[in-house]
Amino acid sequence: MKWGVIVFPGSNCDRDCAHVLAEALEQDVSLVWHGDTSLDGMDAVILPGGFSYGDYLRTGAIARLSPIMQAVKEFARKGGLVLGICNGFQILLEAGLLPGAMLPNAGLSFVCEDVWVKVENAETPFTRHYESGQVMRFPIAHAEGNYHTDPVTLAAIQANAQIVFRYCRADGTVTEQANPNGSLDNIAGIRNAAGNVLGLMPHPERCAEAVLGNRDGLLLFRSMIEAVMSGQDTKQATS
């Protein structure tokens, strides 16, 4: 399986993602410069965390105009798996690949800590190795993770099970106190209507190895691998 990790000016988690994929999961990974225009041969794409273009104007606003984003949009349109982590989530929102927008954290401060996250939808290509209601410990590090959208869109993503992760307490209870940034409905991650694009603010690549004391994030990447490989098997069986 071939992975592409997009590198924007200011990305700082691209190598982390590539390391987990290559070393922990023995995957074939390429770092793709934002100025490139092709994702040919890729089976999955990751937009990593960081501070693309220094977060000028607003997070992700300039990165969405990078040449590679046209290829990302086409890749997603054709059903390819796209994962946006932290700044990558922000870019997906700005690019219109996911609904909604990011506001500054409710406390107007940068938040860097471990949080509890609950799996709200385990029936996605990104969560098939989790169980519905499962609680994980993920690191976060952001100043603009306050997810917001209008009431109509919120109702739609709730009804369509597009909310994949919510901030919660260790026991899985979703409370205002467990919300680290003021995100609407405690949203930590959402998918698109088609189900092949996921954005989340927590960092699964930072909790994917035993040496880090937590491997909760590894299951997300394993889920994607299984989803792609099972899809390939299906295509081969029907071709």
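The values are calculated or read from the model by the stated rules, or taken from the named source; none is laboratory data. Remember, predicted model here, so these are calculated numbers, not experimental data. Please note: Cβ atoms are built from the backbone with ideal geometry, for glycine as well, and neighbour counts cover all protein chains shown.
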Checklist entry - For residues in region 160-181 being touching a strand residue (DSSP E or B) at 6+ places or on another chain (Cβ under 6 Å) and among the small types (Gly, Ala, Ser), which is surrounded by the fewest Cβ atoms within 10 Å (Cβ to Cβ)? => result 170
Checklist entry - In this structure, is residue 96 surrounded by 23 or more Cβ atoms within 10 Å (Cβ to Cβ), small (Gly, Ala, Ser) and under 16 Å from the mean Cα position of the chain (by Cα)? => result no
Item to check | Of residues in region 25-51 being among the aliphatic types (A, V, I, L, M) and over 17 Å from residue 126 (Cα atoms), the one surrounded by the most Cβ atoms within 10 Å (Cβ to Cβ) | outcome: 39
Next on the checklist: Being in contact with a Lys or Arg (Cβ under 6 Å, 6 or more places away or on another chain) and modelled with pLDDT of 95 or more is true for just one of 125, 139, 151. Which residue is that?
Outcome noted: 139
Checklist entry - Under the condition of being within 14 Å of the chain's Cα centre (by Cα) and among the aliphatic types (A, V, I, L, M), which residue from region 132-148 is surrounded by the fewest Cβ atoms within 10 Å (Cβ to Cβ)? => result 141
Item to check | Residues located in region 113-125, provided they are outside any strand (DSSP E or B) and closer than 12 Å to residue 163 by Cα | outcome: 120, 121, 122, 123, 124
Next on the checklist: Among (1) surrounded by fewer than 22 Cβ atoms within 10 Å (Cβ to Cβ); (2) in contact with a Lys or Arg (Cβ under 9 Å, 6 or more places away or on another chain), there is one condition residue 198 misses while meeting the rest; what is its number?
Outcome noted: (1)
Item to check | Unique residue being more than 16 Å from residue 17 (Cβ to Cβ), of a type outside the set (D, E, K, R), in a loop (DSSP other than H, G, I, E, B) and touching a residue at least 12 places away in the same chain (Cβ under 8 Å) when the list is 54, 41 | outcome: 41
Next on the checklist: Show the residue pairs meeting these rules: Cβ distance below 9 Å; 6+ apart or different chains; first residue within region 62-84 and more than 15 Å from residue 33 (Cβ to Cβ) and surrounded by fewer than 21 Cβ atoms within 10 Å (Cβ to Cβ); second residue modelled with pLDDT under 95 and not hydroxyl-bearing (Ser, Thr, Tyr).
Outcome noted: 62/54; 62/55; 79/231
Checklist outcome for this item: Residue hits (region 182-210; over 14 Å from the mean Cα position of the chain (by Cα) and under 22 Å from residue 156 (Cα atoms)) are 182, 183, 184, 185, 186, 193, 194
Item to check | residue 14, sole failed condition from (1) under 18 Å from residue 206 (Cα atoms); (2) touching a helix residue (DSSP H, G or I) at 6+ places or on another chain (Cβ under 8 Å) | outcome: (2)
